[in-house]
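Please treat every number below as a calculation from the coordinates, not as lab data. Since we're looking at a predicted model, the values are computed, not measured. Using ideal geometry, Cβ is built from the backbone for each residue, glycine included, and neighbour counts are taken over all protein chains shown.
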Amino acid sequence: MSTTYDVGDLVRCTGTFTNAAETAVDPTAVVFMLRSPGGVEMTYTYGEDDELVRDATGVYHVDVDVDEEGSWHYRFESTGTGQAAEEARIYVAASMFD
């Protein structure tokens with residue numbers, strides 16, 4: 001099931017990293033990548049970019065201002081300890097007031 005958001009929403013994208021025993025771990029490096037419907041790409045690296053926030057062990061988020069209708073794509077990936085990748089899509093509906 002997917003959720004549809006409205007243009008202007010602030011959407012929290014969360015990535016959770018665990019080991020083989022499903023215990024939360026902080027990876028060696030965490031990166032968040034985002035692509036807007038118009039093809040604009042942004043990349044945030046934990047420890048370098050304030051947009052990528054650590055909430056707890058193994059839990060990270062980025063708040064995305066969805067200012068364009070269409071399908072947004074994002075990816076969390078990590079390297080070293082806790083190596084993993086996860087991708088998801090955000091659906092944004094057109095405003096009825098445009």
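Couple of notes before you dig in:
- Neighbours by Cβ (under 9 Å, 6+ apart or cross-chain): first from segment 75-98, more than 19 Å from Val62 (Cα to Cα); second exposed (fewer than 10 other Cβ atoms within 10 Å of the Cβ): Ala93/Thr4
- The single residue among Asp67, Asp50, Asp55, Asp26 that is more than 15 Å from Val92 (Cα to Cα) and over 15 Å from the mean Cα position of the chain (by Cα) turns out to be Asp26.
- Listed here are the strands (runs of 3 or more DSSP E) enclosed by segment 1-59 that have at least 2 residues being in contact (Cβ under 8 Å) with a residue 40 or more places away in the chain and farther than 19 Å from Thr81 by Cα: 4-6, 10-16, 29-35.
- Residues (surrounded by 13 or more Cβ atoms within 10 Å (Cβ to Cβ) and assigned to a loop (DSSP other than H, G, I, E, B)) located in segment 69-81: Glu69
- Segment 53-68, residues that are buried (at least 17 other Cβ atoms within 10 Å of the Cβ) and more than 19 Å from Thr23 (Cβ to Cβ): His61, Val62, Val64, Val66
- Residue that is among the small types (Gly, Ala, Ser) and surrounded by 15 or more Cβ atoms within 10 Å (Cβ to Cβ), where the choices are Ala94, Ala84: Ala84
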